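A quick write-up on the structure given underneath.
The values are calculated or read from the model by the stated rules, or taken from the named source; none is laboratory data. What you are looking at is a predicted structure, and each value in this text was computed from that prediction instead of being measured. Cβ: placed from backbone, ideal geometry, glycine included. Neighbour counts: every protein chain shown. Protein only, heavy atoms only, side chains kept; ligands, DNA and RNA dropped before computing areas. Shrake-Rupley method; radii C 1.70, N 1.55, O 1.52, S 1.80 Å.
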Amino acid sequence: MKTYLKTFARTFKKHATRFISIIFIVLVSVGFISGIGTSTDKIKYSLTDYYKAQNVSDLIVKSTKSEGFSMGFSKEEVAAVKEFYGEQFVDTGAAIDAYIGVNGERQLVRLYFLDDFDNLSVNKPEILEETGFFEDEEKDLTVAYAEVADNKIKGIASRTEIEIDFKDVIEQLAGQAGQEIPSYAQLFLGRLKPVKVTVGGTVKSPLTFAQDGEPSWLNPEDTEIPNTINEVNELITLDNILYLPSDAIPSIMNIRVLQTTDIYLAFSDRSQFKAFDYGYEDYVESQKELFTEKSGANAEDLRFISLYQNYSFISLTRYADKVAGIGYILMVAFLFVTALVVLSNMTRLMEEERAQVACLKTLGYSSFKIVFKYVLFAMLATGVGGGGSYFVGLGLAYLICYVFNYSFAMPPISSQVALPFFLIVFSVIVVVTLGSTLVAGLRLTAETPAELLRPKPPKAGKKVFLERIPLIWNLLSFKYKSTMRNVLRYLSRFVMTVVSVAVSTALVLAGLALLDVCLFGGVNSPSVMGVAVVVIIFAGLLTAVVIYTLTNINVSERNRELATLKVLGYHEREVSGYIFREVYIDTAVGIIFGYPLSTLIMLLLFNIMGMGTIAGVSWFWWLVAPVLVLAFTFIVTLMLTPKIKRIDMNESLKAIE
């Protein structure tokens, strides 16, 4: 057992480079995939926490019932709703979208008339700025609050005076409804005087945190919530939002003009939401029926606006799901390359220790005990890489959440731990790595000690297909003829490198295509752009790690060959070129195969994102991608040059027998 344990330490010491390369490949791939998936969970957890903290209304209920010139819920209906649901889950008010004069221009403004703005229990606003008026001023002021400015909302400065002409507003509402104002109502309208309000501060409503514009309610009720800012721009979007006290509405002859009381209802079971989790939509539909029953209102008079019609909430969850979709598509590619590289590493490691395996078998060790050493090697490397990848993924998730701030006024990031995506990805890597190592090891130990002690004969050289094309072959110099023969002599290594580089190229090009959609495709979404940049960076890192690992294995396998070239008088640059020419040829072939693979990945990505086309990708990105891959290849060759220079001719050429 003591001897057996010594072999562990020697294996780790001798193959430290391989150990580190496995750690890095797992770190990059699992860190990227789990980061993408975790960011989706973090966004949804944060949105759910915000929904609970601000007691966001699940339903805004409007009544179209009218009696004379007043309309909306009766006091009895409101009282019935509050009694059933509880005071803390119900608020009342009114909201309309109308064009009014603000700062010398006619703007589309949503006017919220709230009964008790300072003590709202539902849709609790965040007061960002509040101007303290003098007491003598307050007596004559009707104070309103303005929504904070963003990419679309223009914002209104504190102490700005705004004059609201309710006659004009009512005429707009009638026009929107396609109705004519009755003649008796014209008498009341003629006596209406404009109401002056003064902005007393700015607030942030929990219902409107999208930075790309809030669609107006002037749009048809059945309008789909837009997927992108482009679709929002096709709708009518608000210029400003004002929050006013209900008593700002003028009264004439005890009839409240514009009395359109809305009910803001928050479900008492706050656990139902979970960022539109499964079952929430059905729960909303059941609550609509229950509300109609308990309020005593006529179902035909009710109009429900749920969070599924709220642009801020639904668009944030949609964007989060799009990010998850990117992760699911790229996950297959990343895991495939990772498994391929780890398998290549472990297979070559065991091949290099054939003699040691033979000795252990001769000493009576079972095949499982012998293979367990290599399984443990792979498990530790994967475990260290996986442990580090969790923190890489967590950092990436926080970065993506931060990037989302450019499109949304993001709620505070939830402290809730998001493990599912990481555990799934890491489990797949562990199973594939350990399973492939075990299978390869058992296949090796199935050989007899005599076979294992006998070195594998080098592959015999043979003609390659280019030799059958004299027009090309005769133009090549000796060193390039030698390179072409070596490339195709080690066919398995050639295929592995080509496949890995092809997948890496496809990932880089897919990231560039996403970036193109944002930069030149008219999709003004910083959040998607940020994810695209992350994809490019991690795809580039994957490319570098893959090429480094495979080239390092190539150099290790051919130590004797390279030492022989040195003995024959080749200069160090010529010896390095002997290997690196093959690397560049493999990379070039991989890039060529990466193009069709990238079109498939882009097709899936654009389908998931709901925007962009392959034909719409700018032509120069197709040239930038191979340049990036070749640049990473060049950096790797620079890193490996010292290793080739350090090859000991004496040690390498000692007889294996």
_Six or more apart or on different chains, Cβ atoms under 7 Å: show the pairs whose first residue is in the range 289-312 and more than 21 Å from residue 237 (Cβ to Cβ) and whose second is open to solvent by less than 50 Å² (accessible area, probe 1.4 Å) and of a type in the set (Asp, Glu)._
295/77; 296/77; 297/77
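For residues that are in contact with a Leu (Cβ under 9 Å, 6 or more places away or on another chain) and at pLDDT 60 or above, scanning just the range 218-234, find the one that is most open to solvent (accessible area, probe 1.4 Å).
Step by step, filter the range 218-234, then rank; the result is 218.
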*Kindly provide the set of residues from the range 513-547 that are at pLDDT 85 or above, open to solvent by 40 Å² or more (accessible area, probe 1.4 Å) and either over 16 Å from residue 333 (Cα atoms) or not aliphatic (A, V, I, L, M) (or both), ordered by number.*
533
_Unmet criterion (only one of (1) modelled with pLDDT under 90; (2) within 22 Å of residue 103 (Cα to Cα); (3) open to solvent by 10 Å² or more (accessible area, probe 1.4 Å)) for residue 213_ = (3)
*Inside the range 364-382, can you point out the residues that are over 47 Å from the mean Cα position of the chain (by Cα) and either without any contact (Cβ under 8 Å) to a residue 12 or more places away in the chain or part of a helix (DSSP H, G or I) (or both)?*
364, 366
*asked:* I need every pair where a residue in the range 594-617 that is on the phi > 0 side of the Ramachandran plot has its Cβ under 6 Å from the Cβ of a residue that is of a type outside the set (S, T, N, Q) and open to solvent by 20 Å² or more (accessible area, probe 1.4 Å), sequence separation at least 6 or different chains.
replied: 612/521
_Regarding the range 110-121, can at least one residue be identified that is surrounded by 20 or more Cβ atoms within 10 Å (Cβ to Cβ) and more than 22 Å from residue 249 (Cα to Cα)?_
no
_Residues that are crowded, with 24+ Cβ neighbours inside 10 Å and in contact (Cβ under 8 Å) with a residue 40 or more places away in the chain: does the range 477-498 have at least one?_
yes
*From (1) part of a loop (DSSP other than H, G, I, E, B); (2) crowded, with 20+ Cβ neighbours inside 10 Å, pick out the condition that doesn't hold for residue 412.*
(2)
*Could you give me the residue pairs with C-beta distances under 7 Å whose first residue belongs to the range 41-53 and is under 10 Å from residue 275 (Cα atoms), whose second residue is at pLDDT 95 or above and surrounded by fewer than 20 Cβ atoms within 10 Å (Cβ to Cβ) wherever it lies, and which are 6+ apart or on separate chains?*
none
*Could you tell me which residue of the range 571-595 is most open to solvent (accessible area, probe 1.4 Å), considering only residues that are among the small types (Gly, Ala, Ser) and either farther than 16 Å from residue 543 by Cβ or touching a Leu at 6+ places or on another chain (Cβ under 9 Å) (or both)?*
588
*Would you point out which residue out of 444, 434 is under 40 Å from the mean Cα position of the chain (by Cα), open to solvent by less than 40 Å² (accessible area, probe 1.4 Å) and at pLDDT 85 or above?*
434
*asked:* Between 162, 153, 170, 241, which is modelled with pLDDT of 75 or more, over 24 Å from residue 303 (Cα atoms) and more than 29 Å from the chain's Cα centre (by Cα)?
replied: 162
*In the range 35-55, the residues that are surrounded by 23 or more Cβ atoms within 10 Å (Cβ to Cβ) and of a type in the set (A, V, I, L, M)*: 36, 43, 47
*Qualifying residues in the range 631-642 (those that are buried (at least 16 other Cβ atoms within 10 Å of the Cβ) and not β-branched (Val, Ile, Thr)) - the one nearest to the chain's Cα centre (by Cα)*: 632
*In the range 91-109, what count of residues is obtained for those that are surrounded by fewer than 21 Cβ atoms within 10 Å (Cβ to Cβ) and at pLDDT 90 or above?*
6
